[in-house]
Amino acid sequence: MVALRVRDRRDGRTVVYAPCLAAWPDELDRAVREADCVFVDGTFWDDDEPRRAGISDRTATAMGHLPIAGPRGTLQRLAGGRARCLYTHLNNTNPLIVPDADEHRALAAAGAEVARERVVIEP
């Protein structure tokens, strides 16, 4: 797992940037719950995506990426938090690369979104 937590000393706001998640340890859970904004690895939508797309014989988790959707996915872990949650690092097989994909509605319903190019995060 790779993650950074950045805190603004002036106002105490924090950003968590987790671009590569093979696991979701308790420390990350605490950091995400306390953050104001979270950027999370969105490489694969679901665990079977790499196999279904024919790019690997392994699942997303076997490749070292927690999927977004599913019972152990990152979206469920982020839902209900106070932070603005944005997914980054989408694989080209992820349906979220299609702007009008149904998966965007699932993200919105959980209070998350895909980080757009040149997104500006304002307090």
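Annotations for the structure displayed:
- Candidate set: the range 7-19, residues that are open to solvent by less than 50 Å² (accessible area, probe 1.4 Å) and in a strand (DSSP E or B); chosen: the one farthest from Leu90 (Cα to Cα): Thr14
- So Arg52, is it of a type outside the set (Ser, Thr, Tyr), more than 19 Å from Val119 (Cβ to Cβ) and at pLDDT 95 or above: yes
- Across the range 94-105, the number of residues qualifying as in a loop (DSSP other than H, G, I, E, B) and either open to solvent by less than 40 Å² (accessible area, probe 1.4 Å) or on the phi > 0 side of the Ramachandran plot (or both) comes to 2.
- Number of the exception - Ser56 against (1) touching a helix residue (DSSP H, G or I) at 6+ places or on another chain (Cβ under 7 Å); (2) polar (S, T, N, Q); (3) crowded, with 16+ Cβ neighbours inside 10 Å: (3)
- Flag for Glu103 being modelled with pLDDT under 95 and not aliphatic (A, V, I, L, M): no
- Among residues of the range 68-85 that are part of a loop (DSSP other than H, G, I, E, B), those with a beta-carbon under 7 Å from a residue that is acidic (Asp, Glu) and open to solvent by 20 Å² or more (accessible area, probe 1.4 Å) at least six positions away or on a different chain give the pairs Ala69/Asp46; Gly70/Asp46; Gly70/Asp47; Ala83/Asp36.
- Within the range 21-36, the set of residues being surrounded by 14 or more Cβ atoms within 10 Å (Cβ to Cβ) and either without any contact (Cβ under 8 Å) to a residue 24 or more places away in the chain or touching a His at 6+ places or on another chain (Cβ under 9 Å) (or both) comprises Leu21, Ala22, Glu34.
- When the residues of the range 37-49 are filtered to those that are closer than 13 Å to Ala112 by Cβ and hydrophobic (A, V, I, L, M, F, W, C), the one that is surrounded by the fewest Cβ atoms within 10 Å (Cβ to Cβ) is Cys37.
- When Ala62, Ala108 are checked against the criterion of being in a loop (DSSP other than H, G, I, E, B), without any contact (Cβ under 8 Å) to a residue 12 or more places away in the chain, surrounded by fewer than 15 Cβ atoms within 10 Å (Cβ to Cβ) and aliphatic (A, V, I, L, M), a single residue qualifies: Ala62.
- Considered as a group, the residues in the range 22-33 that are in a loop (DSSP other than H, G, I, E, B) and out of contact with any helix residue (DSSP H, G or I) (no Cβ under 7 Å at 6 or more places or on another chain) include one that is nearest to Thr59 (Cα to Cα), and that residue is Ala22.
The values are calculated or read from the model by the stated rules, or taken from the named source; none is laboratory data. Because the structure is predicted, anything quoted here is derived from the model rather than measured. Virtual Cβ from ideal backbone geometry, glycine too; neighbours counted across all protein chains shown. These accessible areas exclude ligands, DNA and RNA; they are computed on the full protein's heavy atoms, side chains included. Shrake-Rupley method; radii C 1.70, N 1.55, O 1.52, S 1.80 Å.
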